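The values are calculated or read from the model by the stated rules, or taken from the named source; none is laboratory data. Because the structure is predicted, anything quoted here is derived from the model rather than measured. Cβ placement follows ideal geometry from the backbone for every residue including glycine, while neighbour counts extend to all protein chains displayed.
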Amino acid sequence: MPPSLSQSATEHLEEPVLPFARQDFTTLAQDSTVEQALASIRSKGVGERVVYFYVVDEAARLVGVVPTRRLLTTPLDGKLTDIMIRNVVTIPDTATVMDACECFAIHKFFAFPIVDRDRRVVGLADVGLFTNQVFDVAEREQMDEVFEAIGFRVSQVRDASPWRAFRIRFPWLITTLISGTFCALLASAYELTLAKSLVLAFFLTMILGLNESVSIQSMTMTIQALRSLVPTRRWYLQALRREVGTALLLGLVCGVVVGIISSIWRGPDLAAVVVGVTIFLTLCTSCLAGLTVPTILHALKLDPKIAAGPLTLALADMAALLLYFNLAKWIL
């Protein structure tokens with residue numbers, strides 16, 4: 001039986017979501033046609049308030065979702081693999097009620113599949129979880145506590161005044177102001193190194209631009225991933241391996257290209273080596289910052305959409321300049 005609803009809002013939201021999950025979800029084989037899928041639905045029956053049908057492979061792993069309307073309006077000889085949505089937003093079976101409510105608040109879907117570590121569907125969280133289990137609390141005064149526990153306030157998400165938006169966003173921009181001042185002081189500390197080779201100054205903007213672009217790309221993908229899962233150590237290490245592999249390829253290609261450009265433009269010298277190697281190393285550090293900063297902010301229950309950008313760019317820029325100037329000082 002689901003846990004009692006007489007608990008306080010915050011305690012209630014910290015409970016595991018699986019006991020609240022519905023078990024009357026419907027799965028369909030991915031190699032089925034629409035006709036076969038409809039026949040399977042008629043033979044098995046469907047649960048109450050069915051909105052989505054979940055497509056699984058031979059090992060019962062979730063591979064896609066088919067909305068009811070799309071299934072009913074597709075010709076009978078159509079294949080599920082052609083009409084299903086492959087990018088499914090899921091809730092892990094280790095999630096809490098609060099994690100599930102965040103998914104409803106962010107994605108605005110009517111239901112989410114709950115999956116285990118092998119992506120097998122073990123339950124279904126529908127919008128009733130968000131309305132009945134959270135909003136039907138005994139006291140009206142608990143509503144603000146519920147919203148705070150979920151991690152957002154309506155006034156911060158929608159219809160915020162300019163002054164309120166300023167108060168939410170400006171504190172994080174202080175990070176950019178501090179890092180910008182630090183970078184300026186750092187550049188002045190390596191004035192003699194820059195004087196040895198003017199080409200270092202020519203490529204400084206490119207290095208910072210590439211560094212910031214890659215860090216923002218990595219950060220954006222991380223925030224998108226954090227919307228639909230609870231970050232764990234295992235997830236972070238897997239994501240880190242992917243980011244490191246991507247960073248190595250990006251850094252190698254960009255570093256070689258810019259190094260060749262520098263050699264053709266200013267002639268082959270050690271400065272071209274410094275520029276190329278710096279780009280290779282800084283793209284690796286920027287990918288790491290883009291993954292780590294949003295993950296830490298999410299774990300601390302801070303809003304990564306607002307805070308991650310300034311923090312990620314600040315760390316990435318400072319790391320890039322330190323690598324650039326120290327490498328130039330050592331090689332030149």
Checking V66 against (1) within 17 Å of V127 (Cα to Cα); (2) surrounded by 19 or more Cβ atoms within 10 Å (Cβ to Cβ), which single condition isn't satisfied?
-> (1)
Exactly one condition in (1) of a type in the set (D, E, K, R); (2) farther than 21 Å from R119 by Cβ; (3) modelled with pLDDT of 90 or more is not met by R69; state its number.
-> (3)
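Here's the yes/no breakdown for (1) over 26 Å from L226 (Cα atoms); (2) part of a helix (DSSP H, G or I); (3) among the aromatic types (F, W, Y):
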position	(1), (2), (3)
T285	no, yes, no
L288	no, yes, no
P294	no, yes, no
L302	no, no, no
D317	no, yes, no
Y324	yes, yes, yes
K329	yes, yes, no
Which residues, taken from segment 57-87, are out of contact with any Lys or Arg (no Cβ under 9 Å at 6 or more places or on another chain) and part of a loop (DSSP other than H, G, I, E, B)?
-> D57, E58, T74, P75, L76, D77, G78, R86, N87
Which one of the conditions (1) free of Cβ contacts under 8 Å to residues at least 24 places away in the same chain; (2) crowded, with 16+ Cβ neighbours inside 10 Å; (3) hydrophobic (A, V, I, L, M, F, W, C) does V293 fail to meet, given that it meets all the rest?
-> (1)
From the residues in segment 222-271 that are surrounded by 15 or more Cβ atoms within 10 Å (Cβ to Cβ), aliphatic (A, V, I, L, M) and farther than 23 Å from T292 by Cα, which one is nearest to the chain's Cα centre (by Cα)?
-> V258
Looking at segment 72-106, which of its residues are over 24 Å from D118 (Cβ atoms) and under 18 Å from the mean Cα position of the chain (by Cα)?
-> M98, C101, F104, A105, I106
Residue match in segment 37-49 (condition: touching a strand residue (DSSP E or B) at 6+ places or on another chain (Cβ under 7 Å), at pLDDT below 85, surrounded by fewer than 20 Cβ atoms within 10 Å (Cβ to Cβ) and farther than 26 Å from I223 by Cβ) | yes
